[in-house]
1. Name the long-range amide H neighbours of Y254: under 5 Å, sequence gap of 5 or more, or other chain; modelled H, no Pro or chain starts.
2. Students often check this: by mean Cβ neighbours within 10 Å, which of 331-340, 173-182 ranks highest, and how do the rest follow?
3. Taking the Kirkwood radius as the inverse of the mean 1/r across Cα pairs, report the Rg/Rh of region 315-368.
4. Taking amide H positions as placed 1.01 Å from N in the peptide plane, with prolines and chain starts having none, which residues 5 or more places from T408, or on another chain, fall under 5 Å of its amide H?
5. For region 322-334, take each phi angle, set θ = phi - 60°, evaluate the Karplus expression 6.51 cos²θ - 1.76 cosθ + 1.60, and give the result in whole Hz per residue in order, putting x for glycine and proline.
6. How do 58-65, 306-313 rank on mean C-beta neighbours within 10 Å, highest first?
7. Going by amide H atoms built from the backbone, whose H comes under 5 Å of the H on V62, apart from near neighbours?
8. State the Kirkwood hydrodynamic radius of region 185-301 in Å, one decimal place, computed from all pairs of distinct Cα atoms.
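All of the numbers you see were taken from the coordinates with simple rules; none came from a lab. Note that the structure is a prediction, hence the values are computed from the model and not measured. Positions of Cβ are generated from backbone atoms using ideal geometry, with glycine treated the same way; all protein chains shown enter the neighbour counts.
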Amino acid sequence: MAQTVGSAPAVSKEGVAPGATAGATPATAAAPAAGGGDAAAIAAGDALFKGNCAQCHAVNDVVVGPALAGISKRRPMSWIIPWVKNSSKMVASGDEYAVKIFNQYGKQQMPSFQLSDQEITSIVAWVTSQEGQAPAGTGLNAKSGDQAAVDGTAAAAGDEAGSGKYMNVLLIVLVVVLIVLVVTLVIIANIMKDVLRGRKDLDGRDVEIVDQRFDFSKIYKSTAVRAIVGVVFVLAVLYESVQGAMGVGLTQGYQPTQPIAFSHKLHAGENQINCAYCHTSVYKSKSANIPSANICMNCHSQIKTESPEIKKIYRAIERKQPIQWVRVHNLPDLAYFNHSQHTQVAGLECQTCHGPIQNMEVVYQYSPLTMGWCINCHRETPLNTKGNAYYDNLVKLHDTKNGAVPFTVTSNGGAECSKCHY
């Protein structure tokens with residue numbers, strides 16, 4: 001998932017990103033940019049790039065905007081920083097290089113970014129470290145390592161589903177064979193009876209045995225059978241009643257029709273748009289916000305403008321009314337949940353709770369989102385304590401007392417009532 005407003009400065013083989021929405025200083029001589037090679041800055045730049053730039057730019061390939069390779073050699077940071085923050089202002093100021101890039105890429109505007117100078121420098125440092133390498137999920141059609149892992153999980157799930165299918169086929173075959181055997185035995189028994197009836201040497205007792213018929217009425221008139229049937233019926237009704245009561249308020253599988261036919265499969269799956277590009281607050285806020293229409297227009301001011309579904313976005317903007325999206329995942333007010341604590345601190349992927357969202361044409365609630373489901377996750381998930389001295393003593397105490405048992409979320413009080421209900 002990623003931030004709303006766009007990308008870092010995209011640089012083509014000629015220079016910097018296309019587009020315009022803000023600006024600054026006039027172009028200067030192409031002095032090298034001080035991208036920096038600090039490992040922490042590069043790591044931060046990786047996350048910032050994926051959250052802001054990867055929807056329109058790749059390092060070594062042209063996507064919507066130009067490739068960024070060589071940016072640190074073509075333009076100075078004194079030019080790159082104002083370009084990222086407000087590219088249109090630079091174009092409007094008549095900056096020669098800005099105007100050239102803007103015209104070269106179809107006069108497509110690049111959103112303005114509320115990034116600090118240090119964050120932009122980190123992005124440039126990361127881009128510089130990636131120059132010449134194979135794409136690692138930075139373009140629209142390239143898959144990130146996380147996405148590859150998700151696809152790998154999906155493939156494994158597919159294998160499991162395949163083995164389950166073969167098991168079902170095997171069971172069906174066995175049932176069919178059993179039925180055939182029973183029918184065959186009945187046919188053989190009838191044939192034997194006919195043979196015995198044709199014999200002349202049978203006495204009266206033998207004839208009585210051969211001609212006797214099974215009285216099925218004795219079965220359903222039996223007190224024991226009636227008692228068993230009654231108990232089974234009561235248990236079945238009781239089980240269904242309990243299941244129905246436990247299911248009150250559960251909406252797993254809920255898949256409402258949305259006012260605009262938005263496909264996560266197309267955007268997050270095929271085009272590899274980072275989730276946080278639209279849900280901008282998922283890494284830094286309690287809730288993952290629903291994107292506003294202007295985020296859609298970052299792309300759709302130029303792409304599929306004649307689509308009937310896209311025209312609905314235009315109408316919402318013209319009327320100054322928000323799009324009435326139907327909420328899919330809804331926790332009760334009595335439960336506290338913080339997205340950033342799970343995505344940013346714990347490092348969970350969106351698919352952990354929302355399922356294969358990148359394959360959904362219409363989003364549905366994948367997980368039950370019950371208290372038991374959450375607590376089970378807390379019991380099984382090891383707590384990430386690396387690099388956080390706050391947990392050192394807690395981990396030592398836990399290891400001393402519990403040995404090889406992992407230090408999970410529950411070990412840190414993750415199953416206490418007050419963690420979610422207060």
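1. So Y254 has HN proximity to Q365.
2. 331-340, 173-182
3. 1.07
4. Placed amide hydrogens put L383 under 5 Å from T408.
5. x, 6, 8, 5, 8, 5, 9, 9, 9, 8, x, 4, 6
6. Values: 58-65: 21.5, 306-313: 13.2.
Highest-to-lowest ranking by the protection proxy: 58-65, 306-313.
7. A67
8. On the way: mean 1/r = 0.0437 Å⁻¹.
Final number for the Kirkwood radius of region 185-301 is 22.9 Å.
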